[in-house]
Each structure stands twice: as structure tokens, then as C-alpha cells.
1. With (1) modelled with pLDDT under 95; (2) surrounded by fewer than 21 Cβ atoms within 10 Å (Cβ to Cβ); (3) not small (G, A, S) as the list, and R78 as the residue in question, which single condition is left unmet?
2. May I ask you to list pairs of residues, at least six apart or on different chains, whose Cβ atoms are under 6 Å apart, with the first in region 119-142 being surrounded by fewer than 18 Cβ atoms within 10 Å (Cβ to Cβ) and the second being modelled with pLDDT of 95 or more and in a strand (DSSP E or B)?
3. With respect to V60, determine if the residue is surrounded by 23 or more Cβ atoms within 10 Å (Cβ to Cβ) and at pLDDT below 90.
4. Which residue is modelled with the lowest pLDDT, if the candidates are limited to region 39-55 and must be loosely packed, with under 13 Cβ neighbours inside 10 Å and not aliphatic (A, V, I, L, M)?
5. Across region 148-193, which residue is modelled with the lowest pLDDT among those that are of a type in the set (S, T, N, Q) and assigned to a loop (DSSP other than H, G, I, E, B)?
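The values are calculated or read from the model by the stated rules, or taken from the named source; none is laboratory data. On a predicted model such as this, the values are computed, not experimentally measured, just so you know. Cβ: placed from backbone, ideal geometry, glycine included. Neighbour counts: every protein chain shown.
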Amino acid sequence: MLIEKINPLNRLGWIEVICGPMFSGKTEELIRRLKRARIARQKVEIFKPAIDIRYDRDMVMSHDEHAISSTLVESASRILLLAHDAEVVGIDEAQFFDDALPSVCNTLASNGVRVIAAGLDMDYLGNPFGPMPILMSIAEYVTKIHAICMKCGDLAHYSHRIIDRDKLVMLGEKETYEPLCRRCFLEKTKKSI
């Protein structure tokens with residue numbers, strides 16, 4: 001159980017979740033919102049899970065190479081220790097965090113912080129991923145964005161793994177995953193349905 005502190009400034013906090021499949025622009029949207037907060041001279045802290053060092057250790061970076069500085073953390077509870085007097089906290093790759101993430105986000109929001117978390121809503125099997133379902137249910141704002149299906153061009157909301165590996169958490173890029181619409185995802189995975 002996380003201990004909540006008293007909100008000294010009596011600010012209103014809230015939780016925003018940006019979700020969708022790989023290659024939909026989640027991180028790009030997170031970066032856009034955080035840069036706007038900095039333009040408004042708000043104190044911004046950004047965190048990502050220690051597992052995600054695909055592009056850069058000290059940066060959150062989108063597939064389009066937009067970037068913003070961040071802090072690697074081993075667990076969600078570390079965010080509370082490092083957020084200090086942040087007015088806005090950004091969290092990338094939220095699906096890779098432990099189950100304490102929703103509680104951490106609730107604590108921050110209850111203490112006047114605007115929390116913006118981005119992550120995959122489903123894993124490569126099409127199942128809810130990590131703490132994302134709970135985070136989406138407690139958020140005041142949820143933005144679900146889509147990619148484009150690599151097979152038919154429709155809106156995609158599945159991240160289909162194109163290599164044969166059963167490990168749930170597997171970092172990768174276009175050589176490992178492709179976004180698919182429901183019809184194309186079901187066609188590709190019909191053996192496992």
C-alpha cells in the first residue's frame with residue numbers, strides 16, 4: 001500500500017492514458033503533450049521502464065525519432081520517490097511496469113499531479129497487457145489511437161508478432177511486429193484461436 005501525502009498546493013490532478021498498438025504514435029503523442037507542458041513552464045518529470053533501452057538510455061524516443069529526456073526506473077514505486085515537486089509526470093511503455101503502477105498514478109493524481117501514461121493496451125496475443133487495463137479504468141482521459149494495418153490498410157489495433165517466439169515481453173521494431181486490423185489479425189493467428 002502506498003502512502004499518500006497531503007496535497008500542499010490543493011491542485012487538481014488527473015490521469016491521462018494514451019494507448020493502442022505498436023506504430024500508432026503513442027510515444028509521439030506523449031512527447032507532444034509533455035513538450036506543451038514545458039512550454040507552459042510546468043515542472044515535468046518523465047519515466048520509462050529500465051527494460052526499454054532500445055533507442056537511448058536517457059531518452060524517450062518515438063519511432064519517428066522525436067525525443068525527450070527521461071529517467072529509467074526499475075519499478076513503479078520509484079516514480080513516487082523521483083517525481084519530487086513535478087506538476088506533470090510522463091510515463092512511457094506503461095505496459096512494462098509492475099502492478100503497482102495504477103496505485104502510483106492514483107497517488108500522484110490525488111496529490112495534484114497531471115499524469116500522462118502511454119502504452120500498449122494489448123500484448124501480441126491480443127490480451128490486455130500488464131497494468132494497462134486497470135490504468136485505463138481509473139484514468140479521467142483515455143486516448144486510443146490506431147496504426148494502419150500492414151496487410152489491408154484499415155485501422156489497426158493489434159500488434160502482431162511476426163517472428164516465432166512465445167515470450168510475452170519481447171522488445172522489437174518493424175522486424176519483430178506489424179500492426180494489423182481485427183480481420184487480418186484473426187487470419188494470421190487462426191491456428192492459435
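1. Condition not satisfied by R78: (1).
2. From residues that are surrounded by fewer than 18 Cβ atoms within 10 Å (Cβ to Cβ), the pairs are E140/W14; E140/I15; Y141/E16; V142/V17.
3. Numbers: surrounded by 23 or more Cβ atoms within 10 Å (Cβ to Cβ): yes; at pLDDT below 90: yes.
Here the answer is yes, as V60 does meet what is asked.
4. Here the answer is R54.
5. T176
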